[in-house]
Structures are given as C-alpha cells and as structure tokens.
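Participant: Pasting a structure below so you can have a look.
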Amino acid sequence: MSAVFLVLSAFLASAVEMVEALTIVLAAGLTRGWRSSLTGLAAAVIVLAAIVAALGPALTVVPLDALRLVVGALLLLFGLQWLRKAILRASGRKALHDEDAIFARELAEARVAEHIERAGIDWYGFTLSFKGVLLEGLEVAFIVLTFGSTQGSIPLAAAGAAGAVLLVAGVGVAVRAPLARVPENTMKFAVGLMLTTFGIFWSAEGAGAHWPGSDAALPGVLAFVCVVSALLVLALRTPRMETA
Amino acid sequence: MRFLRFWWEFVVGDDMLAAACVIAAIAATAGLAALGVAAWWLLPLAVPLVLYVSLRRAT
C-alpha cells in the first residue's frame, strides 16, 4: 500500500510541476527560439539530476527514525502550504491556476524582453527556461528524495516522477501548447493531501509515536485528511474568483 | 542570504505561525512518546486546527 502511495504521490506531484514547467519552456521557445529554451531545459535537468544523485545516497545513511522525523516535519510544513492553497482555490477564495493565462503572460513578457545573445544563445530564453524548470523541478526532487528515502526506495519514487515527466513531455511535444485541460487544480489538491498525510504519519513515527495497526493506519490518516479538507472547503466556500 | 531565504520560503512559506505550531505539535508528540504515553493522536488533532487557523488568517 505504501509503495502505491509513494509512486502515486511522486507521479502526481511531478505531473503538476512539469505541466507548469512545460508552459514556461513553450513560452521561451516560441518567443526567444527553441535552441535557447531547450538548452535552458537541459541545463536545469542536469542540475536537478546532480542534486538527486548527490543527496540521495547521503539520505540513505541517516538513521530511519531521525530521517522520518525530519522528513515528516518538512513534508508536513510543505504539504500544508499545498493544501492551504488548494482549499483556498476549491472554496473560491483564491483564483484557480490557469495555464492558458500564465502562458499568455509569459509570452507577452518574453516578447518585449531585451535580446542579449551569448555563444549563439538568447540569454533571456535560456534563463527563463532554466529557472522555470529548475524551480518547478526542485519541488519534484524534494518529494522524490524525501518520500523515497523514508520509504527506503528512492528509485521507486524516481520512477513515479520519471513516468510523469515522460508523459507530460510527450504530450507537450505532440500538442505544442500549454496543457490547460489537465485538471491541475484537482491534482494539486491531491498532492497536498498526500504530502500532509505522509507528513503526519512519518513525523509522528519519527517522534516515537506508534500508529495503531502500524503502516495500515496510513489510509486512515489519508481519509481523515480528505474529510477535514472537504469540510474546510465547505466552510470557506464563496462565489468563484476569476482564474489567473 | 538569498539561498537561505529561498529555502525558508520553499519549506515554511508565508505562514510562520502555522509552521511554528506544527513544529510544537511534533515536539509535544515526541514528549508524550518519551513519557510512554500513546501520542499518535496528537498530530491528527493539531494539523486540522493549524490548517483552520491558517486559512482563517489568509481570508
């Protein structure tokens, strides 16, 4: 069961972040040239791979209880940020994430930016693509490393993330447009629920608490977080804001 | 300094009170567990409260 949650969480989180990264890479490619955009993308992927390769083995030598405490606390803090935004969006208190609107904004900004070329590469296009992929990818790397190390299987978490990256990249190449029809807000909500659930479960275990039923308690914690979040959405519900 | 600020915002976000409450709840869980008291229930109780207060502060 934990392995399924692990792969699913890594897949969903990666898919959401990669949809956002794709929007930025497309905007950079269409306005500043594909060479600059794809070079930025490749550079960011190399940096992310180096981060995972360097930190992954280091995390596996940390004692499991200490790892679960630290990772659980980090995931809980991180997950609550996702969940808070998702609840605000679902209740109409915050504008929904809209890839089309973001794409239009990125295009407009990229079109008017100054053209500075170095080594045959447009610096703005490279930087836009590099920063976008790196920042979105850092969240994926964080989730892969924390989930994977705590569950004792970074490769499994990485496989979930890689599946999402390949899927989003494949669809992105096929349609050459932002993936606005992906239910991104729902996926973000799901990731928030997963991160918060794992954060609660692991930080309590790392702090020395024992869950009734051990690992079998995990679906119960997830169900509890889902119910609480749904109630909070209902409690805060207000007329829908414009998307942005 | 920018590096630290980035990681702070990445992990903690814009609600420092919520983050502090979460850390306090984890510390309390560790305290109860060290005393031999069942402590698994504390975080599922604390997290919804923290989330509710954080959402109220944001709206």
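Participant: Name the most mobile residue of B:Ala19, B:Ala30, B:Ala38, meaning the one with the largest mean-square fluctuation, in a Gaussian network model of chain B with Cα contacts below 10 Å.
Facilitator: B:Ala38
Participant: For helix A:184-206, what angle does its Cα long axis make with the longest principal axis of chain A, in degrees from 0 to 90 and rounded to 10?
Facilitator: 40 degrees
Participant: Given a 1.4 angstrom probe, I'd like the percentage of the accessible area of the stretch B:2-58 that is carbon and sulfur, rounded to a whole number. Don't skip to the answer; put the middle values down first.
Facilitator: Numbers: 2490 of 3410 Å².
So the carbon and sulfur contribution to the accessible surface is 73 percent.
Participant: B plus A alone minus the pair: what accessible area, both sides summed, probe 1.4 Å, in Å² to 100?
Facilitator: Values: alone 5000 and 11890 Å², together 14270 Å².
Rounded to the nearest hundred, the buried surface is 2600 Å².
Participant: Then there is this: Just the accessible area per residue of the protein assembly as shown, please: how many Å² with a 1.4 Å probe? Each step should come with its number before you reach the end.
Facilitator: Working: 14270 Å² over 303 residues.
On a per-residue basis, the protein assembly as shown sits at 47 Å².
Participant: Further, regarding this structure: Counting Lys +1, Arg +1, Asp -1, Glu -1, what net charge surrounds A:Arg68 among other residues with beta carbon under 15 Å of its beta carbon? The partial results should precede the final answer.
Facilitator: Details: positive: none; negative: A:Asp65, A:Glu205, A:Asp215.
Surrounding charge for A:Arg68 is -3.
Participant: Here's something else I'd like to know. Return the sequence-ordered ³J(HN,Hα) values of the stretch A:34-50 in whole Hz as given by the Karplus equation 6.51 cos²θ - 1.76 cosθ + 1.60 applied to θ = phi - 60°, using x for Gly and Pro.
Facilitator: 5, 4, 5, 5, 6, 5, x, 4, 5, 4, 5, 4, 5, 4, 5, 4, 5
Participant: With axes computed from alpha carbons, what is the tilt in degrees of helix A:154-175 against the longest principal axis of chain A, rounded to the nearest 10 within 0 to 90?
Facilitator: For helix A:154-175, the angle is close to 30 degrees.
Participant: At 0.36 nm per residue, and after removing the present C-alpha to C-alpha distance, how many nm does the segment from A:Arg176 to A:Ala113 gain when stretched out fully? Present the calculation step by step, with values, prior to reporting the outcome.
Facilitator: Details: separation 63, 0.36 × 63 = 22.68 nm, distance 2.22 nm.
Length gained between A:Arg176 and A:Ala113: 20.5 nm.
Participant: Accessible area of chain A with a 1.4 Å probe: how many percent of it is carbon plus sulfur?
Facilitator: On the way: 7350 of 10620 Å².
Of the solvent-accessible surface of chain A, carbon and sulfur hold 69 percent.
Participant: Which listed residue (A:Leu234, A:Met187, A:Gly120) has the Cα farthest towards the positive end of the charge dipole for chain A, taking +1 on Lys and Arg C-beta and -1 on Asp and Glu C-beta about the Cα centre?
Facilitator: A:Leu234
Participant: Can you list the lysines whose alpha carbon sits under 16 Å from that of A:Lys94, skipping same-chain ones fewer than 8 residues off?
Facilitator: Straight-line reach from A:Lys94, under 16 Å: A:Lys85, A:Lys188.
Participant: Determine the gain in length on full extension of the stretch A:His210-A:Leu64; use 0.36 nm per residue of separation and subtract their C-alpha separation, reporting nm with one decimal.
Facilitator: Numbers: separation 146, 0.36 × 146 = 52.56 nm, distance 1.44 nm.
In short, 51.1 nm is gained.
Participant: Going by alpha carbons, how many degrees (0 to 90, nearest 10) lie between the helix axis of B:2-11 and the longest principal axis of chain B?
Facilitator: 50 degrees
Participant: A follow-up question, please. Please report the net charge: other residues with Cβ closer than 15 Å to the Cβ of B:Trp7, K and R +1, D and E -1. Please report the intermediate quantities before stating the final value.
Facilitator: On the way: positive: B:Arg2, B:Arg5; negative: A:Glu139, B:Glu9, B:Asp14.
For residues surrounding B:Trp7, the net value is -1.
Participant: Separate question: Taking square-rooted eigenvalues a ≥ b ≥ c of the alpha carbon gyration tensor, is the stretch A:1-89 rounded, prolate or oblate, where a/c under 1.5 means rounded and, failing that, a/b exceeding b/c means prolate? Intermediate results must be reported in sequence, preceding the final value.
Facilitator: Values: a/c = 2.64, a/b = 1.53, b/c = 1.73.
In terms of gyration-tensor shape, oblate.
Participant: Under the rule a/c < 1.5 gives rounded, and otherwise a/b versus b/c splits prolate from oblate, where does chain A land using the Cα gyration tensor?
Facilitator: Numbers: a/c = 2.54, a/b = 1.43, b/c = 1.78.
The shape class here is oblate.
Participant: Another question, then. Which residue, A:Ala101, A:Ala158, A:Ala216, has the most motion in a Gaussian network model of chain A that connects Cα atoms within less than 10 Å?
Facilitator: Ranking A:Ala101, A:Ala158, A:Ala216 by mean-square fluctuation puts A:Ala216 first.
Participant: Okay, moving on. Would you mind calculating the relative contact order of chain B from Cα pairs under 8 angstrom and at least 6 residues apart, reporting the percent as a whole number? Don't skip to the answer; put the middle values down first.
Facilitator: Numbers: 22 pairs, mean separation 19.9, N = 59.
34 percent.
Participant: Which residues make up the longest stretch of chain A that has no GluC sites (Glu not before Pro) in a DSSP loop with at most 10 other Cβ atoms within 10 Å? Kindly include the intermediate steps, with their values, before the conclusion.
Facilitator: On the way: sites that count: A:Glu114, A:Glu242.
Maximal segment without exposed cleavage sites: A:115-241.
Participant: Nearest 0.05, what FRET efficiency do A:Ala95 and B:Phe6 give at R0 = 25 Å with Cβ-Cβ as r? Intermediate values should be presented prior to the final figure.
Facilitator: Details: r = 24 Å, r/R0 = 0.97.
Efficiency, from the Cβ-Cβ distance: 0.55.
Participant: Provide the per-residue ³J(HN,Hα) series for the stretch A:207-219, in order, calculated from phi with Karplus coefficients 6.51, -1.76, 1.60 and θ = phi - 60°, each as a whole number of Hz, with x at glycine and proline positions.
Facilitator: Once rounded to whole Hz, the list reads 7, x, 7, 10, 6, x, x, 6, 4, 5, 6, 4, x.
The values are calculated or read from the model by the stated rules, or taken from the named source; none is laboratory data. Bear in mind the structure is a predicted one, so any value in this text is a computation, not a measurement. Backbone-built Cβ (ideal geometry, glycine too); neighbour counts: all protein chains shown. Note: areas computed on protein heavy atoms with side chains; ligands, DNA, RNA excluded. Shrake-Rupley method; radii C 1.70, N 1.55, O 1.52, S 1.80 Å.
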